[in-house]
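**Q** What follows is a single structure, and I will ask about it in a moment.
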Amino acid sequence: MFEAKLANSGLLKKIVESIKDLVTDAPFDCSETAMSLQAMDSSHVALVSLKLEVGLFDTYRCDRTINLGLSLANMSKALKCANNDDTCMLKVFSISPIFLQYEENEGDSIIFTFADPKRDKTQDVTVKMMDIDSEHLGIPEQDYAVVCEMPAAEFQKTCKDLATFSDSLNITATKAGIVFTGKGDIGSSVVTYSPSSNTDDESEAVTLEVKEPVNVNFSIKYMNQFTKATALSDRVRLSLCNDVPVVVEYPIEENGFLRFYLAPKIDDEENME
Amino acid sequence: MFEAKLANSGLLKKIVESIKDLVTDAPFDCSETAMSLQAMDSSHVALVSLKLEVGLFDTYRCDRTINLGLSLANMSKALKCANNDDTCMLKVFSISPIFLQYEENEGDSIIFTFADPKRDKTQDVTVKMMDIDSEHLGIPEQDYAVVCEMPAAEFQKTCKDLATFSDSLNITATKAGIVFTGKGDIGSSVVTYSPSSNTDDESEAVTLEVKEPVNVNFSIKYMNQFTKATALSDRVRLSLCNDVPVVVEYPIEENGFLRFYLAPKIDDEENME
Amino acid sequence: MFEAKLANSGLLKKIVESIKDLVTDAPFDCSETAMSLQAMDSSHVALVSLKLEVGLFDTYRCDRTINLGLSLANMSKALKCANNDDTCMLKVFSISPIFLQYEENEGDSIIFTFADPKRDKTQDVTVKMMDIDSEHLGIPEQDYAVVCEMPAAEFQKTCKDLATFSDSLNITATKAGIVFTGKGDIGSSVVTYSPSSNTDDESEAVTLEVKEPVNVNFSIKYMNQFTKATALSDRVRLSLCNDVPVVVEYPIEENGFLRFYLAPKIDDEENME
């Protein structure tokens with residue numbers, strides 16, 4: 001039996017909305033310590049890695065490691081029934097679900113129970129699960145040349161702006177700053193961030209750790225997909241190295257993360273040099 | 001001559017927006033005591049019944065009973081010209097409209113005059129009327145097994161949520177509570193309201209009078225249409241009986257109502273038992 | 001060299017959004033005293049005349065009179081990158097752009113530099129210019145029979161409302177007031193403004209100078225296009241004369257204007273008499 005309760009449904013809603021256009025069917029791995037998910041996007045270019053540690057949940061019980069295969073489109077439909085402040089209980093019963101009132105003959109399902117503690121109302125949404133091959137890709141440990149942290153909304157706006165001009169996003173970073181460039185037929189846009197001198201407002205700061213300079217190109221379409229996770233976190237962390245996939249990471253309340261990995265575009269990079 | 005004035009145009013605007021997708025051409029019956037409307041939807045499945053009593057109007061004068069046949073689409077266009085807080089005067093002249101300045105040769109029309117008392121501005125919108133057969137259906141007096149009152153926004157959200165999963169809405173009500181169920185291929189959703197224990201906030205309460213339990217099914221598409229009237233009223237009243245049309249009623253400022261009648265779906269009900 | 005700086009990008013953004021659906025390619029004439037633009041719409045029915053005087057700019061330097069040919073669609077894309085409160089620097093380099101870092105080999109371009117003084121961030125957007133024939137139409141001096149000033153939002157709403165009923169906007173003005181009429185198959189709308197008696201709130205007043213009465217008809221489609229400039233100014237000024245193009249003028253912070261000229265519809269006018 002698996003049973004876990006989140007204090008508010010909004011968190012899970014934001015996670016699913018962030019990744020549902022990238023990943024269709026998601027195999028959630030539930031263990032004693034965390035609920036996690038690793039999946040390639042459908043064109044096998046980007047990798048999504050999600051970890052929700054026990055600390056994020058109000059209650060969490062997982063008797064044995066299980067894999068919950070869920071259509072993210074259906075999960076999104078279920079979660080849209082919840083108000084953001086409703087509590088969200090997830091329950092999975094074993095194959096003979098003698099306690100399960102509504103879905104007796106339907107095999108394995110997950111039940112989302114949304115409740116507003118201030119109302120005499122509960123909402124049970126039952127969604128069928130499916131078999132999904134869980135492919136745990138070993139992500140090699142990597143020492144990144146540049147780590148940049150910035151407001152998530154800034155990164156989102158920059159990616160959106162540059163997509164007006166180009167399909168490719170060039171990122172160059174030195175100790176002097178990080179520069180995002182999009183170049184195309186109608187013109188070009190160059191956004192330059194210097195490391196923040198003003199440290200009064202930490203949530204607005206741009207911080208930059210540079211071991212050696214990088215100059216890499218990415219598909220801007222994928223970056224725009226990733227930035228749907230902006231709702232999840234005030235800050236985003238970019239970990240960069242030449243010729244190595246970038247990691248775009250959104251921390252989740254200090255007890256988890258949503259990470260996107262994307263390989264650089266090799267051809268464009270040569271053209272830019 | 002018919003002349004009636006509402007303190008704000010917003011009320012009439014909300015009424016027309018609530019029913020204009022259900023009923024195309026509306027025969028408004030104006031008598032000394034009320035302006036009312038009864039009409040079937042175009043597929044003759046649902047019945048709309050509207051009553052606006054004299055008490056709702058700032059001024060009201062109706063010399064003889066008349067029937068105003070109006071395209072609700074055109075009426076909606078006229079009302080969109082008004083700001084919600086503008087006063088709204090309705091005027092209908094007799095066939096020789098000697099006092100009617102703008103439409104002298106155009107036969108029977110209704111004039112909506114919108115005015116903002118704070119401005120030196122008036123807006124007269126003239127809309128042509130049409131002959132519509134008014135079919136006054138005798139609605140039989142009915143003793144309902146269950147009467148439930150709840151926040152209109154709650155009922156709207158529940159219908160919208162369940163429509164994600166199903167075309168049919170099952171309502172079961174007992175003294176213990178009222179349960180709305182939508183069941184479909186991708187899953188199901190069950191929303192349960194217990195009669196409110198907390199009576200601090202009356203507008204939020206769910207109240208339930210149960211003479212005998214009911215278990216009925218309705219087309220959720222129609223229910224979603226009805227809930228467009230949510231803007232009209234904080235509360236909605238559902239009157240239910242097995243094998244009898246439900247009444248979904250939105251009271252209008254204690255001097256009128258907008259009621260929707262919808263027959264149950266018989267087949268589905270058998271399947272559910 | 002041309003270099004000019006606006007205190008906030010929002011102003012230029014609003015101007016471009018106001019005219020970009022009317023004029024595709026815009027020849028901006030920059031002189032020592034002002035940046036201006038005159039262009040016919042693509043169907044040569046309406047004329048746009050824009051003037052931004054030096055006083056609108058924080059800094060302004062124009063060594064010699066130059067013409068900047070810009071696609072307004074591309075200019076709009078560039079400006080969408082700016083936040084409204086960002087400063088906006090425009091720079092044009094001469095043909096051998098030795099100081100120009102990003103576009104070395106690309107000939108004449110304009111660079112928009114957006115900066116938020118509170119952040120360590122700059123955004124340079126480079127947009128290619130094009131050759132556009134600048135046709136300076138001598139607009140004859142005209143003594144108008146009626147000049148009406150009113151809240152820009154009022155004029156916008158009136159045009160939008162009347163477009164529901166008609167393709168033509170009739171304007172009649174006398175000392176008693178100004179009347180806007182739209183007449184069509186489903187009905188008609190007549191909006192009457194009396195000169196404001198209440199002069200407490202000047203921005204809300206309707207003022208009317210009438211030398212002799214006018215009665216003119218215009219294409220309402222064009223009027224609706226012009227009212228996109230409502231964002232630019234609280235007030236609009238209509239200058240009217242029988243058989244002469246109307247001027248719809250939006251003042252820009254006392255140091256410029258955006259004017260639209262539109263010839264009356266002659267046929268309809270005859271029909272109305």
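The values are calculated or read from the model by the stated rules, or taken from the named source; none is laboratory data. Bear in mind that the values here come from a model prediction, so they are computed numbers and not experimental data. Note: ideal-geometry Cβ built from the backbone for every residue, glycine included; neighbour counts use all protein chains shown. These accessible areas exclude ligands, DNA and RNA; they are computed on the full protein's heavy atoms, side chains included. Shrake-Rupley method; radii C 1.70, N 1.55, O 1.52, S 1.80 Å.
**Q** Counting only residues that are crowded, with 20+ Cβ neighbours inside 10 Å and of a type in the set (Gly, Ala, Ser), how many does the stretch B:206-232 have?
**A** 1
**Q** With respect to A:VAL248, is the statement that it is hydrophobic (A, V, I, L, M, F, W, C), more than 10 Å from chain C (Cβ to nearest Cβ), part of a loop (DSSP other than H, G, I, E, B) and surrounded by 16 or more Cβ atoms within 10 Å (Cβ to Cβ) true?
**A** no
**Q** Being exposed (fewer than 14 other Cβ atoms within 10 Å of the Cβ) and either basic (Lys, Arg) or more than 14 Å from chain C (Cβ to nearest Cβ) (or both) is the filter here, so list the residues in the stretch B:116-136 that pass it.
**A** B:LYS118, B:ASP131, B:ASP133, B:GLU135, B:HIS136
**Q** May I pose another question? Where the second residue is among the acidic types (Asp, Glu) and at pLDDT below 90 and the first is over 14 Å from B:SER197 (Cβ atoms) and lies in the stretch A:108-125, which pairs have Cβ atoms under 7 Å and are six or more apart or on separate chains?
**A** From the stretch A:108-125, the pairs are A:SER109/A:GLU103.
**Q** Would you call C:ASP243 touching a helix residue (DSSP H, G or I) at 6+ places or on another chain (Cβ under 7 Å), surrounded by fewer than 17 Cβ atoms within 10 Å (Cβ to Cβ) and in contact (Cβ under 8 Å) with a residue 12 or more places away in the chain? Let's see the steps before the verdict.
**A** Values: touching a helix residue (DSSP H, G or I) at 6+ places or on another chain (Cβ under 7 Å): no; surrounded by fewer than 17 Cβ atoms within 10 Å (Cβ to Cβ): yes; in contact (Cβ under 8 Å) with a residue 12 or more places away in the chain: yes.
No: the conditions fail for C:ASP243.
**Q** Next question. Filter the stretch A:115-165 down to the residues that are in a loop (DSSP other than H, G, I, E, B) and acidic (Asp, Glu) and list them by number.
**A** Narrowing the stretch A:115-165 to residues in a loop (DSSP other than H, G, I, E, B): A:116-120, A:129-145, A:164-165.
Once the filter is applied, which keeps residues that are in a loop (DSSP other than H, G, I, E, B) and acidic (Asp, Glu), the stretch A:115-165 yields A:ASP116, A:ASP120, A:ASP131, A:ASP133, A:GLU135, A:GLU141, A:ASP143.
**Q** Could you list all residues from the stretch B:10-50 that are free of Cβ contacts under 8 Å to residues at least 60 places away in the same chain and of a type in the set (Ser, Thr, Tyr)?
**A** Selection gives B:THR24, B:SER31, B:THR33, B:SER36, B:SER42, B:SER43.
**Q** Shifting gears a bit: For the stretch B:24-35, enumerate the residues that are open to solvent by less than 10 Å² (accessible area, probe 1.4 Å) and farther than 21 Å from B:THR227 by Cα.
**A** Those that are open to solvent by less than 10 Å² (accessible area, probe 1.4 Å) and farther than 21 Å from B:THR227 by Cα: B:PRO27, B:PHE28, B:CYS30, B:ALA34, B:MET35.
**Q** Out of A:PHE165, A:PHE180, which single residue is under 22 Å from the mean Cα position of the chain (by Cα), outside the structural domain of A:SER18 (by the TED database) and over 23 Å from A:MET40 (Cβ atoms)?
**A** A:PHE180
**Q** Could you check how many residues of the stretch B:178-205 are among the charged types (D, E, K, R) and open to solvent by less than 30 Å² (accessible area, probe 1.4 Å)?
**A** 0
**Q** Additional query: State whether one or more residues within the stretch B:160-171 are crowded, with 21+ Cβ neighbours inside 10 Å, in contact with a Leu (Cβ under 6 Å, 6 or more places away or on another chain) and within 10 Å of another protein chain (Cβ to nearest Cβ).
**A** Yes - at least one qualifying residue is present in the stretch B:160-171.
**Q** Return the total of residues in the stretch B:180-230 being closer than 30 Å to B:GLU17 by Cβ, more than 10 Å from chain A (Cβ to nearest Cβ), β-branched (Val, Ile, Thr) and free of Cβ contacts under 8 Å to residues at least 60 places away in the same chain.
**A** Of the residues in the stretch B:180-230, 2 are closer than 30 Å to B:GLU17 by Cβ, more than 10 Å from chain A (Cβ to nearest Cβ), β-branched (Val, Ile, Thr) and free of Cβ contacts under 8 Å to residues at least 60 places away in the same chain.
Conditions tested, residue by residue: (1) aliphatic (A, V, I, L, M); (2) in a loop (DSSP other than H, G, I, E, B); (3) at pLDDT below 95.
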| residue | (1), (2), (3) |
| --- | --- |
| A:ILE178 | yes, no, no |
| A:ASP185 | no, yes, yes |
| A:VAL191 | yes, no, no |
| A:SER197 | no, yes, yes |
| A:SER203 | no, no, yes |
| A:ALA231 | yes, no, no |
| A:VAL236 | yes, no, no |
| A:GLU253 | no, yes, yes |
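**Q** Here's a follow-up. What's the number of the only condition in (1) within 22 Å of the chain's Cα centre (by Cα); (2) of a type outside the set (Val, Ile, Thr); (3) modelled with pLDDT under 95; (4) within 18 Å of B:LYS183 (Cα to Cα) that A:LYS128 fails to meet?
**A** Only one criterion in (1) within 22 Å of the chain's Cα centre (by Cα); (2) of a type outside the set (Val, Ile, Thr); (3) modelled with pLDDT under 95; (4) within 18 Å of B:LYS183 (Cα to Cα) is unmet by A:LYS128, namely (1).
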